[in-house]
Amino acid sequence: MDNREAEGYNIPAVEAWVANNIQYLTPPFEWTRLEGGHSNLTYLLQDESGNQGVVRRPPRGKLLPKAHDMGREWAVISSLAPTGFPVPAAYGFCDDAEVTGAIFYVMGFVEGRPLHTREQTVDWIPDAAREKMAHSFIDTLAKLHKFDPDEIGLGEFAKKEGYIARQVNVWYRSWQASIEPAQLDDPRAHDLRQFFLDQTPEQGAARVVHGDYGFHNCLFGDNSEVSAVIDWEISTLGDPLADLAYTLKTWPETEADVAKYPDAPTSVGGLPFRGELEQRYARHTGCDIRKLDFYYAFNHWKSAAILHGVYARYCAGQKSTEGVDMDLLVERILGSLDRAAESIQRFEQRSRG
């Protein structure tokens, strides 16, 4: 009798599917839960020969449209893996939800650790290796943004043009829908939305954008370099500068900035400041970054909208507020709008200069 358990998985059915579709792995497996990954149910599989893989499916229950999109993740990693870009190997995709209640895919296992906190960076990345780590981090994003989607099989992956306008519309709808349950509004959210629509820089060639590229979605090997980029479920095609600005929006610009986000994985000594990484990215990609402050502003505004939606769900009783500092959440919403306005001011000053 098989007493093994894995949340969301019919182990015998999944192992039978793997046996018929993936040559590299031979069931039965030892199943080990891997934490993280936006609540997706992710397990390490190891067969009796020591071969390893990772299986991934969405969480159980009703999901928001386009959330936890395993097909999207699979499309990206299966297209990027042959290029040598650091993603796990793509082993197999099952689009038959009857097997285990949801579609799932199996990828290779990559050694490395994501970094979510300052403490994790301190523990895993030696001080002398932090500059190398930061360079590997930004160089990997630059490498992603140099790919022509048409040339790697992702040309029809998503709409290519109008990325900022599409994103602004999505997150403005979110802000508006959250006003009543949150009993919180701010005129800057509306003014900034109009500014972004009116002043959007001309978009260059569309590139694959990760959408959530950060230390938390990179695995760093014991050489302190990026061994894999993970969690591609909100990736799309669009403006690479928006992706860059999302990645660097809270990165320290000066020594004093380190204290602004004391628990962030970037709040450690030995890392280069944001300006150096911006210039390094520009050298690698050839992108014109002179209007990057516009994209910082947009991403801070987007963060405010996301947090506003979270706060609204708490206020509506859709999520438990136990242990949640609601005042701090409001402070973070308003703080994100503050930083968006500051970035717009800097954008306008530099445009005049």
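Each value in this text was obtained by applying a stated rule to the coordinates, not by laboratory testing. Because the structure is predicted, anything quoted here is derived from the model rather than measured. Here the Cβ positions follow ideal geometry from the backbone for every residue, glycine too, while neighbour counts run over all protein chains shown.
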Inset, instruction - For segment 11-108, just the Cα set please: Rg and Dmax, both in angstrom. - result: 13.0, 39
Inset, instruction - Could you please report the charge total around ASP325, scoring K, R as +1 and D, E as -1 over all other residues with beta-carbon less than 12 angstrom from its beta-carbon? - result: -2
Inset, instruction - Using the charge dipole of segment 96-250 (Lys, Arg: +1 at Cβ; Asp, Glu: -1 at Cβ; taken about the Cα centre), state which of PRO201, HIS116, HIS135 has its Cα farthest towards the positive end. - result: PRO201
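If each residue's Cβ is checked for other Cβ atoms within 10 Å, how do VAL268, VAL87, VAL106 rank with the fewest at the top?
Least to most surrounded, the residues fall as VAL268, VAL87, VAL106.
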Inset, instruction - For a footprinting-style exposure proxy, rank TRP175, TRP301, TRP31 by other Cβ within 10 Å, fewest first. - result: TRP31, TRP175, TRP301
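Given charges of +1 on the Cβ of Lys and Arg and -1 on the Cβ of Asp and Glu, with all other atoms neutral, how large is the dipole of the chain about its Cα centre, in debye to the nearest 20?
860 debye
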Inset, instruction - Please work out the C-alpha center-to-center distance from segment 239-294 to segment 153-185 and express it in whole Å. - result: 23 Å
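What is the local net charge at ASP96, summed over the other residues whose Cβ is closer than 15 Å to its Cβ (Lys, Arg +1; Asp, Glu -1)?
That works out to -2.
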Legend entry - Centre separation in Å (Cα based) which lies between segment 102-134 and segment 7-44: 22 Å
Legend entry - In segment 260-353, GluC sites (Glu not before Pro) in a DSSP loop with at most 15 other beta-carbon atoms within 10 Å: GLU322
Legend entry - log10 of Debye I(q)/I(0), alpha-carbon scatterers only, for segment 215-326 at 0.09, 0.12, 0.17, 0.20 Å⁻¹: -0.33, -0.58, -1.10, -1.34
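Can you tell me what the convex hull of the Cα atoms of the chain projects to on average, as an area in nm²?
The Cα convex hull of the chain, projected and averaged over all directions, gives 19.3 nm².
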Legend entry - Across LYS291/LYS319; LYS160/LYS260; LYS159/LYS249; LYS132/LYS302; LYS160/LYS249; LYS160/LYS291, pairs whose alpha-carbon gap is larger than 27 Å: LYS291/LYS319; LYS160/LYS260; LYS132/LYS302
Inset, instruction - Sort largest first and round to whole Å: the equivalent ellipsoid semi-axes of segment 157-236, each the square root of five times a Cα gyration tensor eigenvalue. - result: 31, 19, 12
Legend entry - For the chain, calculated [θ]222 nm from helices alone, where every DSSP H run of n ≥ 4 adds -39500 (n - 2.57): -14000 deg cm²/dmol
